[in-house]
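Engineer: Starting off with a structure, shown below.
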Amino acid sequence: MQLGLGFWGSKTLLSAVELDVFTDLAAHGPCDGETLRERLGLHERSARDFLDALVALGMLEREDGRYANTAATDLFLDRRKPSYAGGLLEMANARLYEFWGGLTEGLRTGEVQNEAKTGGDFFGALYADPARLRQFAHAMSAISMPAAHVMAERFPWERHSTVFDLGCAEGAVPVQIALRHEHITGGGFDLPVLGPVFEEHVAAFGLGDRLRFHGGDFFADPLPEADVLVMGHVLHDWSLDEKKALLRKAYDTLPEGGALIVYEAIIDDERRQNAFGLLMSLNMLIETPAGFDFTAADCEGWMKEAGFREVRAEPLAGPDSMVVATK
């Protein structure tokens with residue numbers, strides 16, 4: 001019953017993000033329910049139940065009738081903080097919540113259930129709207145940041161001098177790597193429209209002299225040359241043949257001794273433990289014509305087929321793991 005009605009709690013949190021509950025409390029501090037209700041513009045009928053449901057769900061605290069953020073929601077759901085992780089939740093609320101209602105149809109037909117189902121083009125509209133594009137890029141940073149921190153610490157960057165992140169969005173991964181390793185240069189590769197978003201993010205960290213943007217289509221255009229190439233939450237968007245083509249292209253681009261890092265919500269090899277990875281693969285059914293997530297063993301096999309001589313898998317943070325291949 002908890003799982004079957006899990007969308008109740010999910011939508012309550014998503015609406016709280018949309019209504020800026022956590023940002024408001026971070027800005028104004030703890031306050032009583034009536035004051036908060038008025039500031040948020042909520043109807044009096046269910047405002048108390050809504051706020052107390054957030055308390056029961058562990059998203060808010062309440063003491064002496066005054067509501068406040070928890071330590072986690074203050075850190076991750078205050079949109080004014082650089083640690084804000086709500087961008088992905090905003091996208092889930094605006095798009096995925098509705099489209100997942102078509103999962104049964106998708107399972108029966110194998111067809112996407114997003115804007116493309118009714119002739120729309122999510123990415124076309126997204127890339128044409130600078131504000132939405134920035135929000136999307138920020139959402140991608142939010143989902144990649146935990147993995148980026150661990151990757152920056154655990155990978156042997158001292159053996160390499162350059163890195164390019166393929167499908168970089170605003171460049172969160174190369175920024176975190178460059179912040180920890182002063183000798184590293186490189187940048188990010190993505191569609192040209194993301195150039196200004198990348199450059200703004202990099203400049204905010206004072207890394208414009210070390211990280212640059214390389215615009216292009218990784219299927220149609222040459223990849224930038226570097227000692228290390230990174231593909232994060234990229235391969236799962238594509239069919240098996242397209243996955244293999246991208247891995248082969250990375251192999252051909254890398255120098256001898258160079259490395260490719262693929263990180264995703266890698267499904268455990270027994271396909272029993274990483275529920276997030278399996279659900280993400282269902283999300284690829286909703287969102288893409290042929291994409292799917294995969295196990296570490298799958299990825300290692302494709303990398304060896306592409307020509308890489310050494311491959312290994314390593315957990316990162318949360319549901320994410322990386323598979324590292326050396327040429």
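Engineer: Can GLY86 be described as in contact (Cβ under 8 Å) with a residue 60 or more places away in the chain and open to solvent by less than 30 Å² (accessible area, probe 1.4 Å)?
Structural biologist: yes
Engineer: Also: Can you tell me which residue within the range 278-322, out of those that are over 22 Å from the mean Cα position of the chain (by Cα) and farther than 18 Å from LEU246 by Cβ, is least open to solvent (accessible area, probe 1.4 Å)?
Structural biologist: Among them, the one singled out is ALA297.
Engineer: Which one of the conditions (1) free of Cβ contacts under 8 Å to residues at least 24 places away in the same chain; (2) under 30 Å from LEU191 (Cα atoms); (3) surrounded by fewer than 12 Cβ atoms within 10 Å (Cβ to Cβ) does GLU115 fail to meet, given that it meets all the rest?
Structural biologist: The one condition GLU115 does not meet is (3).
Engineer: Any chance you could count how many residues in the range 175-229 are open to solvent by less than 70 Å² (accessible area, probe 1.4 Å) and of a type in the set (Phe, Trp, Tyr)?
Structural biologist: 4
Engineer: Which of (1) assigned to a helix (DSSP H, G or I); (2) at pLDDT 85 or above; (3) over 30 Å from LEU254 (Cβ atoms) is the odd one out, the single condition GLU111 does not satisfy?
Structural biologist: So the condition that GLU111 fails would be (1).
Engineer: Does GLY188 satisfy the condition of being touching a helix residue (DSSP H, G or I) at 6+ places or on another chain (Cβ under 6 Å) and part of a strand (DSSP E or B)? Let's see the steps before the verdict.
Structural biologist: On the way: touching a helix residue (DSSP H, G or I) at 6+ places or on another chain (Cβ under 6 Å): yes; part of a strand (DSSP E or B): yes.
Answer is yes for this residue.
Engineer: Do you know which residues across the range 1-48 are among the charged types (D, E, K, R) and more than 26 Å from LEU88 (Cβ to Cβ)?
Structural biologist: ASP32, GLU34, ARG37, GLU38, GLU44, ARG45, ARG48
Engineer: Just one of (1) of a type in the set (A, V, I, L, M, F, W, C); (2) under 23 Å from HIS233 (Cβ atoms); (3) touching a residue at least 40 places away in the same chain (Cβ under 8 Å) trips up PHE76, so point out which.
Structural biologist: It is condition (3) that PHE76 fails.
Engineer: Sticking with this structure for a sec: Could you please give the count of residues in the range 254-265 that are among the aliphatic types (A, V, I, L, M) and open to solvent by 10 Å² or more (accessible area, probe 1.4 Å)? Even if it seems obvious, please write down each step before you answer.
Structural biologist: Applying the first criterion (among the aliphatic types (A, V, I, L, M)) to the range 254-265 yields 254, 259-262, 265.
Now narrow it down to the ones that are open to solvent by 10 Å² or more (accessible area, probe 1.4 Å): none.
Selection size over the range 254-265: 0.
Engineer: Only one of these conditions is not met by THR253: (1) farther than 24 Å from PHE164 by Cα; (2) over 19 Å from the mean Cα position of the chain (by Cα). Which number is it?
Structural biologist: Failed condition: (1).
Engineer: Moving on to the next point. Would you confirm whether or not the range 152-163 contains a residue that is open to solvent by less than 30 Å² (accessible area, probe 1.4 Å) and touching a Pro at 6+ places or on another chain (Cβ under 9 Å)?
Structural biologist: yes
The values are calculated or read from the model by the stated rules, or taken from the named source; none is laboratory data. Since the structure is predicted, the reported quantities are computational estimates derived from the model, not experimental observations. Note: ideal-geometry Cβ built from the backbone for every residue, glycine included; neighbour counts use all protein chains shown. Note: accessible area is taken over every heavy atom of the protein model, side chains too, but ligands, DNA and RNA are not part of it. Shrake-Rupley method; radii C 1.70, N 1.55, O 1.52, S 1.80 Å.
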